[in-house]
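The structure under discussion appears below in the form of structure tokens.
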């Protein structure tokens, strides 16, 4: 197979990873599209350097997260720590039938985490071990474990505070 065909196949096989990361950090459609394009471009540029020392999905996560975090820094789009407001909660919890949508609320809570903590949490939910997350984010496994404990407490506290 040619280089281009290998790349296209890799992107097709891992589009869920790319879309998931982009959607998590850029939920608005236009921003999502721009971020996805940036990630794919960076994957294209980096594809020849993939040495196969890790799973291709691990490498894709690493390139995608680094690209997204750099884009957020460049765009000064750091509103992830915005406090929960009643307006947000009303928007999140009111569905067409007036019932709470826990998944949507939880997704919003995760979006309030700092970028690195959000990346760690997403990778955990995706099934990666602390060691694999550490490799992807270029941190130590101990640091990942500590951050995960803090993230779990933050999410729990924020959720419980908003339920009152």
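The values are calculated or read from the model by the stated rules, or taken from the named source; none is laboratory data. Note that the structure is a prediction, hence the values are computed from the model and not measured. In this analysis, Cβ positions are derived from the backbone assuming ideal geometry, glycine residues included, and neighbour counts consider all displayed protein chains.
Odds and ends about this structure:
- Test result for residue 72, at pLDDT below 85 and touching a helix residue (DSSP H, G or I) at 6+ places or on another chain (Cβ under 7 Å): yes
Residues are listed down the side, and each one gets a yes or a no for (1) out of contact with any helix residue (DSSP H, G or I) (no Cβ under 6 Å at 6 or more places or on another chain); (2) buried (at least 17 other Cβ atoms within 10 Å of the Cβ); (3) in a loop (DSSP other than H, G, I, E, B); (4) at pLDDT below 90:
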site	(1), (2), (3), (4)
43	no, yes, no, no
60	no, yes, no, no
77	yes, no, yes, yes
88	yes, no, no, yes
91	yes, no, no, yes
107	yes, no, no, yes
116	yes, no, no, yes
136	no, yes, no, yes
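- Candidates 99, 142: the one that is surrounded by fewer than 15 Cβ atoms within 10 Å (Cβ to Cβ) and modelled with pLDDT of 85 or more is 142.
- Candidates are the residues of segment 7-34 that are surrounded by fewer than 12 Cβ atoms within 10 Å (Cβ to Cβ) and in a helix (DSSP H, G or I); the one that is modelled with the lowest pLDDT is 29.
- Scanning segment 118-134 for residues that are in a helix (DSSP H, G or I) and under 19 Å from residue 20 (Cβ atoms) returns 118, 119, 120, 121, 122, 123, 124, 125, 132, 133.
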